[in-house]
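Notes to accompany the following structure.
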Amino acid sequence: MLTQERLKELLSYDPDTGVFTWNISLNWRIKIGSMAGGINDGGYRRIQIDRIKYGAHRLAWLYVYGDFPVQEIDHRDGNTDNNRINNLRVARHAENGQNRKLGKNNTSGYLGVYWFKHQKKWCSLIVIDGKTVFLGYFNNPKDASEAYLSAKKKLHTFNPIPREQILGESDGQ
């Protein structure tokens, strides 16, 4: 099991940038002072230490707080390579899901809004603790989104406002 002491021996971590750099060279590919790790297919930075790959976000938590979190780590801004300590928070799996971004196949441009071809209407859904709650059918995606956002404010207490609104990103229009 990796300890904070071993981690600090091998790597330096800048909590303001979220970047890990190597303190020592473990092999010919590692240069002292170089950025540690690489990005995996899911967009997470992974760092190999003693033949085990770790998520940099989990290593940041260990580096700062002294132990690995039992639960998941949520990236507040949704950028899985932003490992600044103030961007990380412990979350249950259901809470982490409250901070999701639009899926790649989303056609509405809104969280929780889907085209339901059998009704020929927009459908609004929200997930609460792993259970999908139907919010209704709507004539346009904006109305469906308003229903979703209203429910999100009440039911997603861990992350009641979509990160796009917090960060000032597109609101789907």
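Rule-based calculations on the coordinates, nothing more; no lab input. Small disclaimer: the values here were computed from a predicted structure and weren't measured. Glycine also receives a Cβ, built like all others from the backbone with ideal geometry; neighbour counts cover every protein chain displayed.
What to note about this one:
- Sequence-distant residues sharing a close amide H with Phe68 (under 5 Å, placed H): none
- Axis angle, to the nearest 10 degrees, between helix 141-155 and the longest C-alpha principal axis of the chain: 60 degrees.
- Alpha carbon convex hull of the chain, projected area averaged over orientations, nm²: 11.6 nm²
- Taking the chain as the region of interest, the number of lysine pairs whose Cα atoms are within less than 20 Å, with members eight or more places apart or on different chains, is 19.
- Efficiency of FRET between Tyr137 and Asn105 - r from beta-carbon atoms, R0 25 angstrom, step 0.05: 0.80
- Spin-label pair Lys153-Arg92: with each label point 7 Å from Cα along the Cα-Cβ axis, the two points sit 2.4 nm from one another.
- Taken along the Cα-to-beta-carbon direction at a fixed 7 Å, the label points for Thr3 and Lys121 span 6.2 nm.
- Here is how the number arises for the chain: DSSP H runs of 4 or more residues each give -39500 (n - 2.57), the sum is divided by the residue count, and the result at 222 nm is -6500 deg cm²/dmol.
- Additional length obtainable on full extension of the chain from Thr17 to Ile30, 0.36 nm per residue less Cα span: 2.6 nm
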